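Bear in mind that the values in this text are calculations on the coordinates, not laboratory data. Just so it is clear, the structure is predicted and the values come from calculations on it, not from any experiment. Counting neighbours? That spans all protein chains shown, and the Cβs are built from the backbone with ideal geometry, glycine included.
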Amino acid sequence: MYHTIGLAIFITLSYFAFAAKHPLKLRSNYFKNGKGHPIPVVHQDTRFRRFTNGKEVSDEGSRRFGNSPYLVKNGKHHEVVISQPSHVKEFFSQDGSDHQKLHDCNMGSFFARSLGSCVGVQNGTKWRTTRSHLETHFSFSSAASMVEDTRRTIEQWAQNLPEDTEIGQKMSQGFQIDAVTACRQLPFRLIAMALYGPMFSEPMFARLWGLNSLHEQMTYVTFLSRWAATRLYRWFPTKANATLKNFEEQFKEFNLELIERGRKAGVAFPVESMYQAVEEGKVDMTSFLQSIDEILFTNIDVTSSMFAYCLINLGRQLGIQNSLRKEVREKPCTSDVFRYIQDENTLLHQVYLEILRNSPPAWFSLPELTAKDKTIGGYLIPAATPVIIDVRRLNQESPVWAPDGTAFRPDRWSSISKVDARYSLYGYGLGPRKCLGKNFALMMIKLLIITVLEQYHLGAGVETKIRRDTWTCTPDSLVSFEKLV
């Protein structure tokens, strides 16, 4: 009898041990195709490799499994990787508006603490409420109202660039500088101007830039620290925990102080308007602060990389650069620059789209959960499964871009419609939850291109290295600026 009981206990424990180690293999028909074959799996953990060695992770999936969806490990989680437009369409069909985001994006405790309440990872009613108090300030009309201020700021940046202390080498007619270094403050300044409006000043910008130094330390830990991802980490007296606490206290104080000053002066500005939702009990304080953090600090890595890729791609393609400069000079930019920015039938717009397509700022998207059971690439995927998109492969290897998807060729857009590219371009996200700042990003990138080409001739090397110390596809490349006469 005891032998039988002992055997039963052993079998039960063995089952749960196997289930813990191989959770996906015990789900009858899930993660299998119509022939009963299981979905391919990359067993090596990609938790950090997807950021530091994203190209290698992408290439491994392509080499081993072709165009098939496959599973990767992200710490203790499994995620489905898709890279084909047909699979993206299947992923978003029928339930796209009901997809869920994870409050820690499967990145662990430190992410949840620093960004787990921001609008980008909220769901349902809470997401709709928070977003409704933000999106009015990032609408198309809001972007239009900022055009002149944005252009003046970029022009001032371009004029001051020769005096940048980070310039690597001065030449007879110009200078060389790392592309990201050249752009390190510009998008941050522009977004701060959009958020704080008339309250923006050089002293307040200096305070924000000081906070950005703290935030850079936090971001590194958030995405690239194994120990900080654990739940126990918050209870230890670490530098990262102290930095997070310091940032949160200072950023809260900064915003409340500015809101109070603005109200006393009778000055309205976007952050003050957003804060009214906190006072009305519609948005909590943490969501308010972390959403501004997401817009201003966290996304700065993405925006500065996109600015840098503008310079690199145009510096490398001299024929395109010259043709675009000719178009810029022929357009009535001074009197009606916004109309030019709006116009989608221009070389400027084609260059903009090609930069989004060919130089994505991230190797893989952050995970998004299916809302219901569905078939993707022939495999039955259960509801609540995290799915990530191989952005590089989708943006460069979709049949829509054949036969030269890796080439920077803006004129391809003269024969490709939005419908053609719908599931083949991961620009500001896919599905109903696209990036809140897409209108501002379009305006800033196009104005950057216009302004730089009006003042400089750009040059860049043939190859671009990618840094491995950040969570984005951050280029490591020198760009030469030669002043136009």
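Quick one: which residues, 5 or more positions from GLN100 or on another chain, have an amide H under 5 Å from its amide H? H modelled 1.01 Å from N in the peptide plane, none for Pro or chain starts.
LEU369
Taking the simple approach of a point 7 Å from Cα along Cα-to-Cβ for both GLU166 and LEU256, what is their distance in nm?
Using points 7 Å along Cα→Cβ, the separation is 3.3 nm.
Between GLU482 and GLU56, what is the label-to-label distance in nm when each label sits 7 Å out along the Cα-to-Cβ direction?
Taking the two extended label points, one gets 3.8 nm.
Please identify every one of the GluC sites (Glu not before Pro) in the range 302-382 that sits in a loop by DSSP and has no more than 12 other beta carbons within 10 Å of its own beta carbon.
GLU344
Please identify the GluC sites (Glu not before Pro) of the range 110-186 that satisfy two criteria: DSSP loop assignment and at most 14 other Cβ atoms within 10 Å. Which are they?
The qualifying sites are GLU166.
Quick one: which residues, 5 or more positions from VAL283 or on another chain, have an amide H under 5 Å from its amide H? H modelled 1.01 Å from N in the peptide plane, none for Pro or chain starts.
VAL278
Enumerate the calculated ³J(HN,Hα) couplings along the range 147-161 in order (Karplus 6.51 cos²θ - 1.76 cosθ + 1.60, θ = phi - 60°), each rounded to whole Hz, writing x wherever the residue is Gly or Pro.
4, 5, 5, 5, 5, 4, 5, 5, 4, 5, 4, 5, 5, 8, 4
Would you mind computing, in nm to one decimal, how far apart the modelled labels at TRP209 and LYS76 are, each placed 7 Å from Cα along Cα→Cβ?
Placing both labels 7 Å beyond Cα along the Cβ direction yields 4.3 nm.
Which FRET efficiency, nearest 0.05, do HIS103 and ASN246 yield, Cβ-Cβ r, R0 25 Å?
0.65
For the chain, what is the mean residue ellipticity at 222 nm derived from helices alone (per DSSP H run of n ≥ 4: -39500 (n - 2.57); sum divided by total residues; nearest 500 deg cm²/dmol)?
-15500 deg cm²/dmol
Using 0.36 nm per residue of separation minus the Cα-Cα distance, give me the extension gain between LEU318 and LYS126 in nm, one decimal.
So the extension gain works out to 64.3 nm.
What is the pair-distance distribution P(r) of the range 199-292, computed from all Cα-Cα distances in 5 Å bins starting at 0, with each bin given as a whole percent?
Percent of Cα pairs in each bin: 2, 11, 19, 21, 17, 13, 10, 5, 2, 0.
Multiply the residue separation of ARG63 and GLU330 by 0.36 nm, subtract the distance between their alpha-carbon atoms, and state the gained length in nm to one decimal.
91.4 nm
Within 10 Å of each candidate Cβ there may be at most 14 other Cβ atoms; applying that plus a DSSP loop requirement, which GluC sites (Glu not before Pro) in the range 408-485 survive?
GLU463
Compute the separation of the alpha-carbon centres of the range 231-276 and the range 165-227 and state it in Å as a whole number.
Spelled out, the Cα-based centre of one part sits 19 Å from the other.
Suppose we take every Cα in the range 259-352 and form the convex hull; what volume per residue is that in Å³?
Cα-based convex hull of the range 259-352, divided per residue, equals 156 Å³.
Is there a pair in LYS32/LYS372; LYS126/LYS446; LYS418/LYS446; LYS101/LYS372; LYS252/LYS282; LYS326/LYS418 whose C-alpha atoms are over 23 Å apart, and which pairs would that be?
From LYS32/LYS372; LYS126/LYS446; LYS418/LYS446; LYS101/LYS372; LYS252/LYS282; LYS326/LYS418, over 23 Å: LYS126/LYS446; LYS326/LYS418.
Sequence neighbours fewer than 8 away in the same chain don't count; with that in mind, list the aspartates and glutamates whose C-alpha is under 20 Å from LYS89.
Reachable aspartates and glutamates: GLU79, ASP98, GLU368, ASP373, ASP390, GLU397, ASP420.
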